[in-house]
Amino acid sequence: MKMTGAQILCESLVKEGVKVIFGLPGGAIIPLYDTLPQYPQLRHILVRHEQGAAHAADGYARATGKVGVCFATSGPGATNLVTGIANAYLDSVPVIAITGQVATPFIGRDAFQEVDISGITLPITKHNYLVLEVGSLARVVKEAFHLTKTGRPGPVLIDVPRDIFIDQAEFHYPSEVHLPGYKPTLEGHPTQIKKAAKLINEAQRPLIIAGRGVLISGAYTELKQLAEAAQIPVITTLLGIGCFPESHVLSYGWLGMHGMAYANMAVEAADVIIAIGMRFDDRATAKVSGFAPNASIVHIDIDPAEIGKNVRVDVPIVGDVKVVLQALNKLVPSTEHTDWIRQIDDWRNEHPSIVIRDSDRLLPQYVIRQIYEVTRGEAIIVTGVGQNQMWAAQHYWYDRPNSLISSGGLGAMGFELPGAMGTKIGCPDNTVWCVAGDGGFQMTIQELATIVQERVAVKIAIINNGYLGMVRQWQELFYKRRYVATPLSGPDFVKVAEAYGLPALRVKRKEEVVPAIERAMGEKGPFLIDFMVEPEENVYPIVPPGAALSEVMEEPKKEAATWPRRSTP
Ligand SMILES: Cc1ncc(C[n+]2csc(CCOP(=O)(O)OP(=O)(O)O)c2C)c(N)n1
Ligand SMILES: [Mg+2]
C-alpha cells in the first residue's frame, strides 16, 4: 500500500516503539505534523523552544534507556536543536532528531529557512541523513534507530525535505539493517581479558573507575560481582554516578575536579586501575601527566577511538562493558585487599571532603541534603550546570542506576528544566526533582509553560545564589575576586511560576527548607521552590584548573564541619 513520506515516518516510529516526541512545528515540517493525528499512539509534546525538545528527548532517553525523539522545522528550528544534539553527543545518549528541510528543488538556493543542518551537525551526531527520496525513508529510520542505540550510543539526525513528506511510496519496514562499515565489537579479545585478569589478580591496590558506559550497558550486576569478588574499591565518574550503589561498602564516591578528595587520593595511589566505560575526560583526570602515576591501566570501552586518546593504557579491551565483565569475572577469583581498603577508609576519615558547615544561614548544600532526606534518596535528580550540579552530585546519594541526570561532557546550562521534563515524562511513577541554577533556569525557563500544559509533575528547586555561581567561584579563587559579568539578576521566580500557572514558594531561612520540600512533595502536580541561598558559597573540594588530582583544595572552614558524607551504609 502506498503511503506519504509523513505516514511512512510515523509508521516507522511506531514500529520502533516510540511513544513520545518532543517538538515544535514550522512550514517545512507541517506535512509531518498534519499526519500525526492519524497516530494517536505517538504523543507529541509541544515545547516552547527547540532546545527544550532536544534536552527533553535526551533526559527521557537517559532516564528510560529508550531512544528519545525530537522534531523541529527547517532553519531556525533545526539550529535551535544544536545545543541539545551536542549535549547528547558528548554524553553518548540515543536521540533521534527529525528536522523538516526546504523542498528538494529549493535546496542550495538559500531558500527561506534553509540551513544545511546535516552539515552543521556533522561533528556532533553519530550519523546524519538528508533524505532525497521517499523510497529510502523507512530504511533510513531503521538505520538511524540501529545506529543511535547500538555500540556507543549517540544522536542521529534525519533531515527530510518538505516534498519528501508529501511524496508517496510503498511502505515496507526493513527487518534488518545492512551497514557493512558498522559492526561494533561487543566481545572483548580473550587475550586482552586474560592480561587484564592477571594484572587484577596480582594487584595490591586495585581501583575500579566506573563511567556512564556501565549504565548504558546495564552492567550493574557484573560490576558489583567484580568489585565484591576481588574486594576492589569502586569510584565513579560524574556521569557514572548511580552505576554502583553509593551506599555500598566498596563505594568511595566519584573522582575529578569536584570529586571526593579520598577518591582522588585512591587514584594517585592505586597500582592497577580498571577503567570501565569511561573516557578520561579532563574534568575527571585533571592534569593528565599527574593522573594515576603508579598504576597500570586496564581500559574497557566499546569505542576503540577512546583507547589511549587522553591517557596511556596498558591493557585496552574494546567491547561492551557487560559482555567483557562477564568474561573477566570468570578469571578473577575471590581475594581481599584489606590494607588497601583500610588505607582509603583512613583517607576518608581524615578528608571527609563533602561536608556541610554548621551555619544558621541557608546553605545550598543543606537544601540538597534535605531533598535527599525528604525523598529518602528515591528521587531522580536532574541538574543544571555549575555549582548546583556539583552540590547535587555531592550531597544527594545515588543508589540506583540513572538516578542522577546531568549534562556532563557539554556542561550545557539550561539542560535542567527540559531535561527534568523529559525524565518525568519517561518515568511518570518516579519523583523527579530539577535542581536548577538561577542562571541556567533563565536559559530555558519557557518550558514551564510546557510543563503546565502537559501536567508534568516535576518538582523544581532553584538554587538561587544571584550569580553565575561556578564562574564567580573561579573568579574568587583564581582571578582575585574580580566578579566580571557574574552577578546575575532574575525575575521574581515565584511570580513567574504563578504566571505560568504552577504553585511556588520562596525559601529564605533554613527552618523553612523541609516544610517547603514536603509541601512540594504533597502537591500532585509540578511545584517550584526558589531557594535564596548563601550567595558566595563555594564548591569544595576543587582541583584547580591545570593541577593534578593530588593538588586538591579542600573546604577552608572545615573546623565547624558537620554531617560528613556517609562513610558506612
Ligand atoms: C550555555 C552555557 N553558557 C555558559 C556556561 C559557562 N558556565 C558554567 S557554570 C556557569 C554558571 C552557572 O550559573 P547558574 O546556572 O546560576 O548555576 P550556579 O553555578 O550558580 O549554581 C556558567 C556561566 C555554560 N556551562 N553553559
Ligand atoms: Mg547561580
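The values are calculated or read from the model by the stated rules, or taken from the named source; none is laboratory data. Because the structure is predicted, anything quoted here is derived from the model rather than measured. All Cβ positions, glycine included, derive from the backbone under ideal geometry; neighbour counts span all protein chains shown. We work out accessible area using only protein heavy atoms, side chains counted, and drop any ligands, DNA or RNA first. Shrake-Rupley method; radii C 1.70, N 1.55, O 1.52, S 1.80 Å.
Observations on the structure shown:
Each row is one residue, and each column tells you yes or no for (1) within 16 Å of ligand 2 (Cβ to nearest atom); (2) within 25 Å of THR64 (Cβ to Cβ); (3) modelled with pLDDT of 95 or more.
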{"residue": "PRO352", "(1), (2), (3)": "no, no, no"}
{"residue": "LEU363", "(1), (2), (3)": "yes, no, yes"}
{"residue": "MET390", "(1), (2), (3)": "yes, no, yes"}
{"residue": "PRO401", "(1), (2), (3)": "no, yes, yes"}
{"residue": "GLY409", "(1), (2), (3)": "no, yes, yes"}
{"residue": "ALA412", "(1), (2), (3)": "yes, yes, yes"}
{"residue": "PRO428", "(1), (2), (3)": "no, yes, yes"}
{"residue": "CYS434", "(1), (2), (3)": "yes, yes, yes"}
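- Answer from GLY181, GLY240 - the residue that is free of Cβ contacts under 8 Å to residues at least 60 places away in the same chain, more than 21 Å from the chain's Cα centre (by Cα) and part of a loop (DSSP other than H, G, I, E, B): GLY181
- Subset of region 525-550 (residues that are surrounded by fewer than 23 Cβ atoms within 10 Å (Cβ to Cβ), more than 15 Å from LEU477 (Cα to Cα) and of a type in the set (Asp, Glu)): GLU534
- Checklist (1) polar (S, T, N, Q); (2) farther than 19 Å from SER92 by Cα; (3) surrounded by 23 or more Cβ atoms within 10 Å (Cβ to Cβ) applied to THR236, failing item: (2)
- Restricting region 414-426 to residues that are more than 14 Å from ligand 2 (Cβ to nearest atom), under 14 Å from ASN87 (Cα atoms) and part of a helix (DSSP H, G or I) leaves a set whose member that is farthest from the chain's Cα centre (by Cα) is PRO418.
Yes or no, residue by residue, for (1) within 16 Å of SER406 (Cα to Cα); (2) more than 16 Å from ligand 1 (Cβ to nearest atom):
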| site | (1), (2) |
| --- | --- |
| ILE425 | no, yes |
| ASN430 | no, yes |
| CYS434 | yes, no |
| GLY437 | yes, no |
| ILE445 | no, no |
| ARG455 | no, yes |
| ILE462 | yes, no |
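- Of all residues in region 439-469, those that are more than 15 Å from ILE368 (Cβ to Cβ) and within 14 Å of ligand 2 (Cβ to nearest atom) total 9.
- Looking only at residues of region 383-400 that are under 15 Å from ARG472 (Cα atoms) and outside any helix (DSSP H, G or I), we find that the one that is farthest from the chain's Cα centre (by Cα) is GLY386.
Rundown of residues vs (1) surrounded by fewer than 21 Cβ atoms within 10 Å (Cβ to Cβ); (2) touching a residue at least 60 places away in the same chain (Cβ under 8 Å), yes/no style:
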position	(1), (2)
MET1	yes, yes
LEU13	no, yes
LYS19	yes, no
GLN41	yes, no
HIS55	no, yes
TYR60	no, yes
THR64	yes, yes
CYS70	no, no
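- Pairing each residue of region 539-558 that is of a type in the set (D, E, K, R) with any residue that is not in a loop (DSSP other than H, G, I, E, B), provided the two are 6+ apart or on different chains, yields C-beta distances under 9 Å for GLU551/ALA286; GLU551/GLY290; GLU554/ALA261; GLU554/ILE542; GLU555/ARG357; GLU555/ALA561; LYS557/ARG357; LYS558/ARG357.
- Output for region 263-299, where each listed residue is under 24 Å from the mean Cα position of the chain (by Cα) and in a helix (DSSP H, G or I): ALA263, ASN264, VAL267, ASP282, ARG283, ALA284, THR285, VAL288
- Set GLY522, GLY490: member being away from ligand 1 (no atom under 15 Å from the Cβ), surrounded by fewer than 18 Cβ atoms within 10 Å (Cβ to Cβ) and among the small types (Gly, Ala, Ser): GLY522
- Residue among ARG361, ARG369 that alone is away from ligand 1 (no atom under 11 Å from the Cβ), in contact with a His (Cβ under 7 Å, 6 or more places away or on another chain) and open to solvent by 20 Å² or more (accessible area, probe 1.4 Å): ARG369
- Test: SER334 is open to solvent by 70 Å² or more (accessible area, probe 1.4 Å), at pLDDT below 95 and among the polar types (S, T, N, Q): no
- In region 493-519, of all residues being acidic (Asp, Glu) and under 26 Å from ILE356 (Cα atoms), the one that is surrounded by the fewest Cβ atoms within 10 Å (Cβ to Cβ) corresponds to GLU511.
- Residue match in region 86-107 (condition: open to solvent by 10 Å² or more (accessible area, probe 1.4 Å) and under 17 Å from ILE45 (Cβ atoms)): no
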